[in-house]
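Engineer: Input: one structure, supplied below.
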Amino acid sequence: MVATIHARLRSATREVHLELERHLALLSGDVSIVSYTRIIALFYGFYRPMEEGLQRLKILVPYQRFPLRARTELLKRDLLALGLGVQAISALPTCPDLPELCAPEHFAGCLYVLEGASLGGQIITRHLREKLELTDHGGTAFFVGDGASTAARWKCVLEWLEHISNSGLRGEQIVTSACDTFRALANWARAQGIYHEY
């Protein structure tokens, strides 16, 4: 039996995904407003150029099932709620070493990572509400994402990935792109000094 593209993606990215979660330590008992704000700024610096790249690439992709989400705007909302001003947010550094974004397979692999973050975000949100007393409108908009609609949207993403992988897009390149996206985020976290070594 041939593995689905989702199974291939999940298997190939599992190790780097878990490593990134562990080193960012968002579910740690030691998470503070200061460390959380730095992580949201880190994500903003990654998602902003990534989403710009995906928007440019979208015209090459058979992409009709669901709209792209502007999660950079959610991160900006969180940063404002956490006390950063508009000018300070605009001045935040952005990741210069992104995964390759020039083919439909790159779009699909990157999208798998960015959309998948919303699933884990539901668990992270509950932890942050308990530890830091944050709310949907007061610092956790990014991790709340689509809220109760997150699972339904993720199902649409997986169905779309399966459809395009069966329609001529190269599955191996989709998987490689997803792995590269995780690694790019991990390298960005290291460059920003937000990668806790154990």
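Nothing in this text is a laboratory measurement; each read-out follows from the coordinates by a stated rule. As the structure is a prediction and not an experimental result, all values here were calculated from the model. Cβ: placed from backbone, ideal geometry, glycine included. Neighbour counts: every protein chain shown.
Engineer: Quick one: in the chain, what % of C-alpha pairs are over 23 Å apart?
Structural biologist: Percentage above 23 Å: 43.
Engineer: Helix-derived [θ] at 222 nm for the chain: sum -39500 (n - 2.57) over DSSP H runs of at least 4, divide by residue count, nearest 500?
Structural biologist: -22000 deg cm²/dmol
Engineer: What lysines does Lys58 reach when the alpha-carbon gap must be under 25 Å and sequence neighbours fewer than 8 apart in one chain are set aside?
Structural biologist: Within reach: Lys76, Lys155.
Engineer: Could I ask something else about it? Would you please state the base-10 log of I(q)/I(0) at q = 0.11, 0.12 1/Å for region 1-117, with intensities from the Debye formula using one equal scatterer on every alpha carbon?
Structural biologist: Relative scattering, expressed as log10 I(q)/I(0), comes to -0.45, -0.53.
Engineer: Please enumerate, by chain and number, the aspartates and glutamates with C-alpha under 19 Å from the C-alpha of Lys131, excluding those fewer than 8 residues away in the same chain.
Structural biologist: Filter leaves Glu21, Asp30, Asp78.
Engineer: Another question about this same structure. At 7 Å along Cα-to-Cβ for each site, give me the label-to-label distance between Leu68 and Glu172 in nm.
Structural biologist: Placing both labels 7 Å beyond Cα along the Cβ direction yields 2.8 nm.
Engineer: Hey, in the GNM for the chain with a 10 angstrom Cα cutoff, which one of Pro93, Pro49, Pro67 fluctuates hardest?
Structural biologist: Pro67
Engineer: On to the next question. What do you get for the angle between helix 33-57 and the principal long axis of the chain? Use alpha-carbon atoms, 0 to 90 degrees, nearest ten.
Structural biologist: Tilt relative to the chain: about 30 degrees.
Engineer: Can you tell me how much longer the chain between Ser11 and Ile59 gets when fully stretched, taken as 0.36 nm per residue apart minus their C-alpha distance, in nm with one decimal?
Structural biologist: Result for the pair: 14.4 nm of gain on full extension.
Engineer: Per the Debye formula with a single identical scatterer at each Cα and no solvent contribution, what log10 I(q)/I(0) holds for region 145-190 at q = 0.25 Å⁻¹?
Structural biologist: Result of the Debye calculation: -0.89.
Engineer: GNM, the chain, Cα, under 10 Å: largest mean-square fluctuation among Gln87, Gln122, Gln55?
Structural biologist: In this elastic network of the chain, the residue with the biggest mean-square fluctuation among Gln87, Gln122, Gln55 is Gln87.
Engineer: Measure nothing fancy, just the Cα-based angle from helix 71-81's long axis to the longest principal axis of the chain, in degrees from 0 to 90, nearest 10.
Structural biologist: 0 degrees
Engineer: May I ask for the angle, rounded to the nearest 10°, between helix 5-24 and the longest principal axis of the chain, with both axes built from Cα atoms and the value confined to 0 to 90°?
Structural biologist: 20 degrees
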